[in-house]
Amino acid sequence: MKIVKSILATALLAMGLNANAQATYTEGQTEYTFKPHMFLQLQAGGAYTLGEAKFTDLLSPTAQIALGYQFSPVWALRLAAAGWESKGGWGENSAKQYGFADNTYKWKYVAPSLDVKFNIINAIAGWNPKRVFGLNLIAGVGANIAFDHDGIASFYQKNPLLLSHYPAVEGTSIRPVGKFGMDLDFNVSKRVSINVEGNANLISDQYNSKHTDNADWYFNALAGVKVALGKTYEEKNIAPVYQTVVDTVWYDETAYKEIEEDGNMSWTVFYEIRESDFTDPNAQLTAIGKFLAEHKGCKVTVKSYADRGTGNPKINMGYSQQRSEKAVAALKQAGVSESVMTAEYFGDTVQPFEENDKNRCTIITATGLKPGKKPYTVKKFRTSERQVRVN
């Protein structure tokens, strides 16, 4: 067995076909590793030798035994020996013309060969020890050793003239043969599979004892079992390996920037005719004090008027002056600094309102800058770590 294994290994290395010698497959926490191994094939079936007679007349039994070595999930080499019977013959009309009672004849043969097997599925989809179905291409070379030609000899004894066209057949003949085909494996266990094979064999002319200046063919259809003579793979538990993955989450956050907003407040004090006393029925003096406290760079303007519908310009100018002075006094008493105030009076030269009586008034306006904050959106992110298994 060791000698056969060495011969097979040397042959395959010489052909340069031992690529992909190792393969692994992982499922869950188990790792499977392909293991090179020898195998035995036992097959039987039918053969058809190409000829003139009907297809069914040229069918014969055949069998094959093979010992091989699976170097990798893709490549294998085997020594095979096929043989049993082959058939030849004439068409029914030709047989009658020659006076033959039977139009077919048969002989024995054995055909040893050296075959290369290429697993298409593993080459394309990768090796998987749990896969049930396997498909192999087969190519090989060998020799066909034919013997026991008594059947054709009896034909020629009855009609010696045929020997002028067909060769004398006797003894044993050895011819080179080329083989190509395909087989399918249906795995039923770790080491046993049901095997179906079809192959075509090309051989030199006169294999079927007839001279046609064409190469001869015979075809085999075989079924049987394939048994691995050793472990086809090893399996081991693998410790889980984890990798740290950092996740990044982006989110919006509101921020604020310092700003100064323009602020102002204004109110109007109305007077009865010929009145100039300052009144504050709506507590505006308190409101302006709060405004001045909340703003900076404040300015207060006091503008007083008189109505044009009563009095005269001189009298009305006096009333508007008194109204401004009394308003300023009230503001100072309320705590407004005189330095931020500006007072004016216009008599009846300016009428701020369309309604006459409303023009007996004082308009007080305060302006300033109020510190504030303006919101805006800032893009931020946070990270988190998690463990991810990588095997």
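The values are calculated or read from the model by the stated rules, or taken from the named source; none is laboratory data. Predicted model, so just to flag it, every value in this text is computed and none were measured. FYI the Cβ positions are ideal-geometry reconstructions off the backbone, even for glycines, and counts take in every protein chain you see. Ligands, DNA and RNA are stripped out before the accessible areas are found, and what is left, the full protein with its side chains, is counted by its heavy atoms. Shrake-Rupley method; radii C 1.70, N 1.55, O 1.52, S 1.80 Å.
Placing +1 on each Lys and Arg Cβ and -1 on each Asp and Glu Cβ, with no other charges, gives the chain a dipole about its Cα centre of roughly 1120 debye. Here residue 190 is the anchor, and the aspartates and glutamates within straight C-alpha reach of less than 19 Å, apart from those fewer than 8 places off in the same chain, are 27, 31, 234, 235. Which of 383, 24, 135 sits closest to the plus end of the dipole of the chain, meaning its Cα is farthest towards the positive end, when Lys and Arg get +1 and Asp and Glu get -1 on the C-beta? Checking the options against the dipole of the chain, the answer is 24. Among the lysines, which fall within straight-line cross-link reach of residue 314, defined as a Cα-Cα distance under 29 Å, with same-chain neighbours fewer than 8 residues apart omitted? Straight-line reach from residue 314, under 29 Å: 303, 326, 332, 358. The range 167-235: percent of C-alpha pairs farther apart than 18 Å? The calculated P(r) of the range 167-235 puts 57 percent of pairs beyond 18 Å.
Where a Cα-Cα gap under 25 Å defines reach, which lysines qualify for residue 87, not counting those fewer than 8 residues away within the same chain? Straight-line reach from residue 87, under 25 Å: 54, 96, 106, 108, 158, 179, 210. Take every Cα pair under 8 Å whose residues are at least 6 apart in sequence, average their separation, divide by the length of the chain, and the relative contact order is 15 percent. Placing one equal scatterer on every Cα of the range 228-287 and applying the Debye formula, the log10 ratio I(q)/I(0) at q = 0.15, 0.18, 0.21, 0.28 Å⁻¹ is -0.86, -0.95, -1.05, -1.24. Computed on the Cα atoms alone, the convex hull of the range 207-250 gives a volume of 324 cubic angstrom per residue.
All C-alpha to C-alpha distances of the range 324-389, sorted into 5 Å bins beginning at zero, yield P(r) values of 3, 10, 15, 12, 10, 9, 6, 5, 4, 4, 4, 4, 3, 3, 3, 3, 2, 1, 0 percent in whole numbers. Apolar share of the accessible surface for the chain: 56 percent from carbon plus sulfur atoms, 1.4 Å probe. Normalised Debye scattering of the range 34-84 at q = 0.29 Å⁻¹ gives log10 I(q)/I(0) of -1.02, counting only Cα atoms as equal scatterers and leaving out solvent. Using the rule -39500 (n - 2.57) for each DSSP H run of four or more residues, divided by the residues of the chain, the 222 nm mean residue ellipticity is -5500 deg cm²/dmol. Taking the Cα centre of the range 308-391 as reference, the dipole from Cβ charges on Lys and Arg (+1) and Asp and Glu (-1) amounts to some 1100 debye.
Quick one: accessible area per residue over the chain, 1.4 Å probe, rounded to a whole number of Å²?
Here the per-residue accessible area is 55 Å².
The Stokes-Einstein estimate for the range 295-347, based on a Kirkwood radius over Cα pairs and taken at 25 °C with 0.890 mPa s viscosity, is a diffusion coefficient of 209 µm²/s.
Evaluated over the Cα positions of the range 162-316, the convex hull gives a direction-averaged projected area, one quarter of its surface, of 36.9 nm². Largest accessible area first, the residues 246, 300 order themselves as 246, 300 under a 1.4 Å probe with ligands, DNA and RNA left out.
Sorting 373, 117, 108 by accessible area puts them as 373, 108, 117; the probe is 1.4 Å, largest comes first, and only protein heavy atoms count. How large is log10 I(q)/I(0) at q = 0.15, 0.23, 0.31 Å⁻¹ when the Debye formula is applied to the Cα atoms of the range 269-314, each weighted equally and without solvent? The calculated log intensity ratios at q = 0.15, 0.23, 0.31 Å⁻¹ are -0.57, -0.92, -1.24.
If we count every other residue with Cβ under 13 angstrom of residue 373's Cβ, Lys/Arg +1 and Asp/Glu -1, where does the sum land?
The answer is 0.
Rounded to the nearest 20, the size of the Cβ-charge dipole of the range 236-310 about its Cα centre is 160 debye, with Lys and Arg at +1 and Asp and Glu at -1.
Comparing 297, 336, 188 along the charge dipole axis of the chain, the residue lying farthest to the positive side is 188, per the Cβ-charge model.
How about the range 268-299: which GluC sites (Glu not before Pro) there lie in a loop by DSSP and see at most 11 other Cβ atoms within 10 Å?
Those satisfying the criteria are 272.
Remark: the range 334-345, residue by residue, has Karplus-estimated 3J(HN,Hα) of 7, x, 7, 5, 5, 5, 9, 9, 10, 10, 9, 9 Hz, where x stands for each Gly or Pro and the curve is 6.51 cos²θ - 1.76 cosθ + 1.60 at θ = phi - 60°. Considering every pair of different Cα atoms, what Kirkwood radius, in Å, is found for the range 269-391? Kirkwood hydrodynamic radius for the range 269-391: 17.3 Å. Each 20 Å bin from zero holds the following percent of Cα-Cα pairs in the chain: 19, 22, 12, 7, 8, 13, 13, 6, 0.
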